[in-house]
Amino acid sequence: MSLEEYKGVFIFAQQVDNELSSIALELLGKAKNLAEDLDEKKVTAVLLGSDVKGLVDKLAEYGADRVIVVDDPALKDYRTEPYTHALASVINEFKPEILLVGATAIGRDLGPRVSSRVHTGLTADCTSLDIGDFPLEPSPARETKHKQLLMTRPAFGGNTIATIACPDFRPQMATVRPGVMQKIDPIKGAKAEVVDYNPGFEENDCYTEIVKIVKEASAVADIQAAKILVSGGRGVGSPENFKILEDLAEALNGTVSCSRAVVDSGWKPKDLQVGQTGKTVRPQLYFAIGISGAIQHVAGMEESDIIIAINKDENAPIFDVADYGVVGDLNKIVPALTKKIKEALAAKG
């Protein structure tokens, strides 16, 4: 493999039912930053699907300089084999230096298969991406390689952080957790170069047949879309005690979320978990109630606009990242706060 042949930063632009997933736009934002650090002029989005050309302009508005479109009826709905064949063919033809894929249900299935198909490595579920030297600590026994993609992810169940590189193979591939990277402000009217590419599709034994698609609305709120989150930890005391958090969230028109300890205890579903092993959130207002503030939790919410912590332990680490902190019994503070908020809203009419 000649590494010099591989140039540019590519992202897989996931779409479902001809609607771009938010992660595609988040990846474009990060790809722009990485391209600047590599002195690259273009960011390329790879768009797979059927009749998807109408999505090109939106990709351009969010930072794509070029869009490679693979448009074929075989790609109408996600199936592992045709999507793997399409994306691997794009890599072999256009030779990107970096390829980013969203760590969604689709991306977690597609990314590893593509990396295996093109004989490169993949770092899964990344929370941070940077360009730098590898190894991180220079050693006379090992050559330092410059301008490598440094991929950071939680490891050992979120108990430590690992930074991984792929210095000897290309492309450098990573799946990236949704909600971690930030979209750029859309550039209205921006246009991208469009490249039509079709590697051809021949059904084989690996092709699955979709018999029926059943869509069911989730009963659990999407905490990544919430502007106000009222998050509870083990300090809340019991699943029944979450009722006072739910009352506060209702008064604020917000959503309840939780820490890993709450999920591990079976009090709340995994979809509501904030943190490295849960979801990364960026609400305008984040209440951390009865949450100690372990680094694994903080990594999932520290980019919130305003953080308010309520904890009886004045030395809890959560106060180090909070904009406002209240030391005391949450069983007294939260109901009182809820009451004041309701009174203030009632006074406004």
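Just want the answer: with Cβ charges of +1 for Lys and Arg and -1 for Asp and Glu, which residue in PHE12, PRO140, PRO96 is farthest toward the dipole's positive end in region 9-168?
PRO140
Report the one residue of ALA288, ALA86, MET151 whose Cα lies farthest in the direction of the positive end of the charge dipole of the chain (charges on C-beta: Lys and Arg +1, Asp and Glu -1; origin at the Cα centre).
Final value for the positive-end residue is ALA288.
By count of other Cβ within 10 Å, fewest leading, how are MET173, MET181 ordered?
Ascending number of Cβ neighbours within 10 Å: MET181, MET173.
Using Cβ contacts closer than 10 Å as the measure, can you line up SER22, SER238, SER257, SER304 from fewest to most?
So the residues, fewest neighbours to most, are SER238, SER22, SER304, SER257.
Where does the chain land at 222 nm, in deg cm²/dmol rounded to the nearest 500, when only DSSP H runs of n ≥ 4 count, each adding -39500 (n - 2.57), divided by all residues?
Taking each H run of at least 4 residues, the total per residue is -7500 deg cm²/dmol.
Name the aspartates and glutamates eligible as straight-distance cross-link partners of LYS58: C-alpha to C-alpha under 18 Å, and not fewer than 8 places from it in the same chain.
Excluding near neighbours in sequence, the set is ASP17, GLU19, GLU26, ASP71, ASP185, GLU193, ASP196.
Given a cut-off of 29 Å, name the pairs among LYS268/LYS340; LYS53/LYS95; LYS183/LYS342; LYS32/LYS95; LYS42/LYS145; LYS215/LYS348 whose C-alpha atoms lie farther apart than that in the structure shown.
Checking Cα-Cα distances, LYS183/LYS342; LYS215/LYS348 exceed 29 Å.
Within a 10 angstrom radius of the beta carbon, how do THR80, THR104, THR163 rank from fewest other beta carbons to most?
Fewest-to-most ranking of THR80, THR104, THR163: THR80, THR163, THR104.
Kindly work out what percent of the DSSP beta bridges joining two residues of the chain are antiparallel, to the nearest 5.
Within the chain, antiparallel bridges account for around 25 percent of the total.
Under 8 Å for C-alpha pairs, at least 6 residues apart: give me the relative contact order for region 223-348, rounded to a whole percent.
Numbers: 262 pairs, mean separation 30.3, N = 126.
Relative contact order here is 24 percent.
In the neighborhood of GLU303, defined by Cβ-to-Cβ distances under 14 Å, what is the net charge if each Lys or Arg adds +1 and each Asp or Glu adds -1?
+2
Report the charge-dipole magnitude of the chain in Debye, nearest 20, computed about the Cα centre from +1 at each Lys and Arg Cβ and -1 at each Asp and Glu Cβ.
Roughly 800 debye for the chain.
May I ask you to list the trypsin sites (Lys or Arg not before Pro) in region 183-216 that are in a DSSP loop and have at most 11 other Cβ atoms within 10 Å of their Cβ?
LYS188, LYS212, LYS215
Given the C-alpha centroids of region 63-117 and region 275-304, what is the distance between them in whole angstrom?
If we compute the Cα centre of each part, the gap is 31 Å.
Over the chain, what is the mean sequence separation of C-alpha contacts under 8 Å (at least six apart), divided by residue count, expressed as relative contact order in percent? Spell out each step's value before the answer.
Numbers: 731 pairs, mean separation 50.1, N = 349.
RCO, the chain: 14 percent.
So, in Å, what gap is there between the alpha-carbon centers of region 1-34 and region 132-155?
Each part's Cα centre sits 22 Å from the other's.
About its Cα centre, what dipole magnitude does region 6-119 give when the only charges are +1 on Lys and Arg Cβ and -1 on Asp and Glu Cβ, stated in debye to the nearest 20?
260 debye
Rule-based calculations on the coordinates, nothing more; no lab input. Since this is a predicted model, take the numbers as computed values, not measurements. Quick reminder, even Gly has a Cβ in these numbers, built from the backbone with ideal geometry, and neighbours come from all protein chains shown.
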